[in-house]
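See structure below.
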């Protein structure tokens, strides 16, 4: 699974360390429903996993045939934050995996820093990270699937990109890691989904303890 030695591990957050994506998608479905746009969960999830907010809004507006008000992103973020604080849990095995690691590791997420903080604090994962090991695409205004965020994280950790391992659940994140020249391991609840990807996959984070420790 690991083809070469590494010095640092870069984790995605949503869907990889924390089980936030079902919560976020349900908040979004309810909110856009107020504007007359009906979306089913199974249709909505693949549209939004791993996407940045401008990309999500663009897809929604295309489907709706009209624009959302300028207040839409801020209102959505507020509703999302409330739902996450009330319902969010860590992905099974995340605590044990992070506790087992003996090398540098960080989070690099398409989400804004405020959401990353909610994710980590609510799930009890915040003690494993610091502001110096928590990176957001909003810090550099470039989002996955572009490789820039992962390259930025590696630079900040003072580690060569080729010596990093990325743990990701989305195709956008996998593409970003590969484009950055990093080793990539996918995480998925669904074996059928993993079979369509071009990287090795695990279905429980605890499987990574022996591989990465």
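Just so it is clear, none of the values below were taken in a lab; they were calculated from the coordinates. Bear in mind the structure is a predicted one, so any value in this text is a computation, not a measurement. With ideal geometry, Cβ positions are generated from the backbone for all residues, glycine too; neighbour counts draw on all protein chains shown.
Please determine, in degrees from 0 to 90 and to the nearest 10, the orientation of helix 113-122 with respect to the longest principal axis defined by the Cα atoms of the chain, where the helix direction is its Cα long axis.
So the helix axis and the longest Cα principal axis differ by about 70 degrees.
Enter the Cα centre distance for the pair the stretch 114-176 and the stretch 1-78, rounded to the nearest angstrom.
After rounding, the separation between the Cα centres reads 17 Å.
Taking the Cβ of each residue in 133, 82 as the centre, tally the other Cβ atoms inside 10 Å and list the residues starting with the fewest. All intermediate terms of the calculation are to be shown ahead of the outcome.
Working: 133 18, 82 12.
Starting with the residue having the fewest Cβ neighbours, the order is 82, 133.
In whole Å, what are the extents of the stretch 21-87 along the principal axes defined by its C-alpha atoms, from largest to smallest?
33, 26, 21
Mind checking Rg over Rh on the chain, alpha carbons, Kirkwood formula for Rh?
Numbers: Rg = 16.8 Å, Rh = 17.5 Å.
That ratio equals 0.96.
I need 95, 189 ordered by Cβ neighbour count within 10 Å, fewest first. Each step should come with its number before you reach the end.
On the way: 95 18, 189 13.
Final ranking by Cβ density, sparse to dense: 189, 95.
Exposure proxy check: 31, 135 ranked by fewest other beta carbons within 10 Å?
Working: 31 17, 135 25.
Exposure proxy ranking, most exposed first: 31, 135.
Which residues does the label zone of residue 86 cover in the stretch 1-30, counting backbone N under 12 Å from a point 7 Å along Cα→Cβ?
Label zone hits: 27.
Is the C-alpha gyration tensor of the stretch 88-213 telling us rounded, prolate or oblate? Criteria: a/c under 1.5 is rounded; beyond that, a/b larger than b/c is prolate, otherwise oblate. Spell out each step's value before the answer.
Details: a/c = 1.31, a/b = 1.05, b/c = 1.25.
It is rounded, given that a/c, with a ≥ b ≥ c, falls under 1.5.
Between 0 and 90 degrees, rounded to the nearest ten: what's the tilt of helix 72-87 against the longest Cα principal axis of the chain?
60 degrees
Which of the peptides 35-47, 138-150 is most tightly packed, and how do the rest follow, judged by the mean count of other Cβ atoms within 10 Å per residue? It would help to have the intermediate numbers written out before the result.
Numbers: 35-47: 13.1, 138-150: 19.0.
For the peptides 35-47, 138-150, the packing ranking is 138-150, 35-47.
Using only helices, what value at 222 nm comes out for the chain when you add -39,500 (n - 2.57) per DSSP H run of length 4 or more and divide by the total residues, to the nearest 500 deg cm²/dmol? Mind dumping the intermediate values first?
Details: 11 runs with 98 residues, N = 213.
Computed ellipticity for the chain at 222 nm equals -13000 deg cm²/dmol.
Quick one: what do you get for the stretch 1-116 if you divide its Cα Rg by 2.2 N^0.38 Å?
Working: Rg = 16.6 Å, N = 116, 2.2 N^0.38 = 13.4 Å.
Here the answer is 1.24, to two decimals.
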